[in-house]
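Have a look at the structure below, then the notes.
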Amino acid sequence: MNSFQIDIPDEALRPIIQDKINNLNKPKGSLGRLEELAEQICMIQQTLSPSLARPCHLLLGGDHGIEREGVSVSPREVTWQQMVNFTRGGGGVNLFCRQHGFRLRIVDVGVDYDLSEVDGILNRKVGWGTRNFLYGWAMTEVEFERCFMVGRELVDACADDGCRVMCVGEMGIANTSPSSIWMSLFCGIPLADCIGAGAGLHAEGVRHKKEVLARAVEHFQHDCPFPTDTDIIRYFGGYEMVTAVGVMLRAAERKMVVLVDGFIMTACALAALRLHPAAKAYMVFTHCGDESGHRRMLEALQASPLLSLGLRLGEGTGALCAFPLLDSAVRMVNEMNNFDNAHITKYF
């Protein structure tokens, strides 16, 4: 189930797109990143008239066994409490989805709480929180495959309803821990440089977190001396994170624009690109947050984020805040006049 056929966009259209953008009635390159965004979106959709129709935001919830080791300032019950709060419209993700016209789908893929009777939450539970990866694999092969299957299903439901833009966020206490380990192992960066305060750990808490995660990596290297990328993802990943990887890959397969949010979702993008590098062409990296190591991970991906607002809420909020820039880029290429029609002499 984790095999995807992701095509690199056909380069034959690129010079035609560039010609259209360059002939809009403005100095060449004067709209900077908006021109780059417009070109990327046109390439993704293989058209000179792109659309951001029916954008969809998936909020994926899951708990982590490593939380039991005290690596997060917040207890795991915050995960389910916030999931319920989202159904009432009271979260940051809610207000930004309303503001920017995103359909929000709240999905339980691994919360350690029964949310099956809560209206507004899709029940796609793979497990009741992952196992503690300090002592072994976070999930089984079957659970890993199930996460990808759920990701496919969620994207297909959005795409079949006309969605052209896929955004994904997360809710899972302690998910900066597996994100830091993925970053270290995939990027070859010392683990200590990848670990930050998460939701607000103090200095002693960060020291403890580094110690716990270092021990977990040692155990992994003993259990799995010649790991594949899939092994790394499955050993440490959360259900919501692996599902997000599946979402990103399926959205790329269906030639959708994929908005990548902060530290955790960038780690998921990193994992997705280890499996299918071609998916990068479909990703827009939207925000660099405050979590230690996020900028280094973006640099390793050779990704330049659109925003740097100091956000560290998660939930996909940075991606949602960046959406108006995509809207402006698409409006530019679709609505701005060109020199010929405006009877203006080119002045560049």
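The values are calculated or read from the model by the stated rules, or taken from the named source; none is laboratory data. All values derive from a computational prediction rather than experimental measurement. Using ideal geometry, Cβ is built from the backbone for each residue, glycine included, and neighbour counts are taken over all protein chains shown.
Return a yes/no flag: does the stretch 38-47 have any residue that is in contact with a Cys (Cβ under 7 Å, 6 or more places away or on another chain) and surrounded by fewer than 17 Cβ atoms within 10 Å (Cβ to Cβ).
Step one: of the stretch 38-47, the residues in contact with a Cys (Cβ under 7 Å, 6 or more places away or on another chain) are none.
The answer is no, given that none of the residues of the stretch 38-47 is in contact with a Cys (Cβ under 7 Å, 6 or more places away or on another chain) and surrounded by fewer than 17 Cβ atoms within 10 Å (Cβ to Cβ).
Is it true that some residue in the stretch 127-150 is assigned to a helix (DSSP H, G or I), in contact with a strand residue (DSSP E or B) (Cβ under 8 Å, 6 or more places away or on another chain) and over 20 Å from LEU313 (Cβ atoms)?
We begin by selecting, within the stretch 127-150, every residue assigned to a helix (DSSP H, G or I); these are 141-150.
From the residues that got through so far, the ones that are in contact with a strand residue (DSSP E or B) (Cβ under 8 Å, 6 or more places away or on another chain) too are 147, 150.
From what is left, the residues that are over 20 Å from LEU313 (Cβ atoms) are 147, 150.
For the stretch 127-150, residues assigned to a helix (DSSP H, G or I), in contact with a strand residue (DSSP E or B) (Cβ under 8 Å, 6 or more places away or on another chain) and over 20 Å from LEU313 (Cβ atoms): present.
What are the pairs with Cβ atoms under 6 angstrom where one residue, in the stretch 47-60, is over 27 Å from GLY110 (Cα atoms) and the other, located anywhere, is part of a strand (DSSP E or B)? Sequence gap at least six, or different chains.
Close Cβ pairs (under 6 Å, with a partner that is part of a strand (DSSP E or B)) amount to LEU52/VAL165.
Looking at (1) farther than 16 Å from VAL168 by Cα; (2) in a loop (DSSP other than H, G, I, E, B), can you tell me which one ARG331 breaks?
(2)
I'm checking my understanding of the structure. Among residues of the stretch 217-268 that are of a type in the set (Val, Ile, Thr), surrounded by fewer than 24 Cβ atoms within 10 Å (Cβ to Cβ) and in contact (Cβ under 8 Å) with a residue 12 or more places away in the chain, which one is farthest from ARG295 (Cα to Cα)? Can you show your working first?
At the first step, the residues of the stretch 217-268 found to be of a type in the set (Val, Ile, Thr) are 217, 228, 230, 232-233, 242-243, 245, 247, 257-258, 260, 264, 266.
Within this subset, residues satisfying the condition of being surrounded by fewer than 24 Cβ atoms within 10 Å (Cβ to Cβ) are 217, 228, 230, 232.
Narrowing the set further to residues that are in contact (Cβ under 8 Å) with a residue 12 or more places away in the chain leaves 217, 230, 232.
Numbers: VAL217: 22, THR230: 24, ILE232: 22 Å.
It comes out as THR230.
Among the residues of the stretch 275-305, what is the count of those that are part of a loop (DSSP other than H, G, I, E, B), in contact with a helix residue (DSSP H, G or I) (Cβ under 7 Å, 6 or more places away or on another chain) and either buried (at least 22 other Cβ atoms within 10 Å of the Cβ) or free of Cβ contacts under 8 Å to residues at least 24 places away in the same chain (or both)? Please lay out each step first, then the result.
Step one: list which residues in the stretch 275-305 are part of a loop (DSSP other than H, G, I, E, B), which gives 276, 286, 288-293, 301-305.
If we keep only those that are in contact with a helix residue (DSSP H, G or I) (Cβ under 7 Å, 6 or more places away or on another chain) as well, we get 276, 286, 288-289, 291, 293, 301, 305.
Those still in the list that are either buried (at least 22 other Cβ atoms within 10 Å of the Cβ) or free of Cβ contacts under 8 Å to residues at least 24 places away in the same chain (or both) too: 286, 288-289, 291, 293, 305.
Residues flagged as part of a loop (DSSP other than H, G, I, E, B), in contact with a helix residue (DSSP H, G or I) (Cβ under 7 Å, 6 or more places away or on another chain) and either buried (at least 22 other Cβ atoms within 10 Å of the Cβ) or free of Cβ contacts under 8 Å to residues at least 24 places away in the same chain (or both) within the stretch 275-305 amount to 6.
Checking the structure you have, find out if any residue of the stretch 80-91 is closer than 25 Å to ARG215 by Cα, at pLDDT 95 or above and of a type in the set (A, V, I, L, M). Before you say what the answer is, go through the steps one by one.
Restricting attention to the stretch 80-91, the residues satisfying the condition of being closer than 25 Å to ARG215 by Cα are none.
No, there is no match, as no residue in the stretch 80-91 is closer than 25 Å to ARG215 by Cα, at pLDDT 95 or above and of a type in the set (A, V, I, L, M).
Quick one: how many residues across the stretch 1-36 are among the charged types (D, E, K, R), outside any helix (DSSP H, G or I) and more than 29 Å from the chain's Cα centre (by Cα)?
Going residue by residue through the stretch 1-36, those that are among the charged types (D, E, K, R) are 7, 10-11, 14, 19-20, 26, 28, 33, 35-36.
With the extra rule that they be outside any helix (DSSP H, G or I), the set shrinks to 7, 10, 26, 28.
Okay, now just the ones that are also more than 29 Å from the chain's Cα centre (by Cα), so 26, 28.
Final tally of qualifying residues: 2.
Across the stretch 243-269, what is the number of residues that are assigned to a helix (DSSP H, G or I) and either within 22 Å of ARG312 (Cβ to Cβ) or at pLDDT below 95 (or both)? Working first, answer last.
Here is the first cut: in the stretch 243-269, the residues assigned to a helix (DSSP H, G or I) are 243-253, 263-269.
Next cut, either within 22 Å of ARG312 (Cβ to Cβ) or at pLDDT below 95 (or both) only: 243-245, 247-248, 263-269.
Qualifying residue count for the region: 12.
Just for the stretch 55-90: of the residues that are in a loop (DSSP other than H, G, I, E, B) and hydroxyl-bearing (Ser, Thr, Tyr), which one is surrounded by the fewest Cβ atoms within 10 Å (Cβ to Cβ)?
Among those that are in a loop (DSSP other than H, G, I, E, B) and hydroxyl-bearing (Ser, Thr, Tyr), it is SER74.
Take the stretch 217-237 and flag every residue that is polar (S, T, N, Q) and assigned to a helix (DSSP H, G or I).
Correct list: GLN221, THR230.
Restricting the search to the stretch 37-52, which residues are part of a loop (DSSP other than H, G, I, E, B) and either touching a strand residue (DSSP E or B) at 6+ places or on another chain (Cβ under 7 Å) or over 30 Å from GLU153 (Cα atoms) (or both)? Working first, answer last.
Start the filter on the stretch 37-52 by keeping residues that are part of a loop (DSSP other than H, G, I, E, B), which leaves 46-52.
Once the filter is applied, which keeps residues that are part of a loop (DSSP other than H, G, I, E, B) and either touching a strand residue (DSSP E or B) at 6+ places or on another chain (Cβ under 7 Å) or over 30 Å from GLU153 (Cα atoms) (or both), the stretch 37-52 yields only LEU52.
Can you find a residue that is at positive phi and of a type in the set (A, V, I, L, M) anywhere in the stretch 171-192?
Looking for residues that are at positive phi and of a type in the set (A, V, I, L, M), one finds at least one in the stretch 171-192, hence yes.
So HIS208 ticks every box in (1) under 22 Å from GLU153 (Cα atoms); (2) more than 11 Å from the chain's Cα centre (by Cα); (3) part of a helix (DSSP H, G or I) but one. Which box is left unticked?
Exception for HIS208: condition (1).
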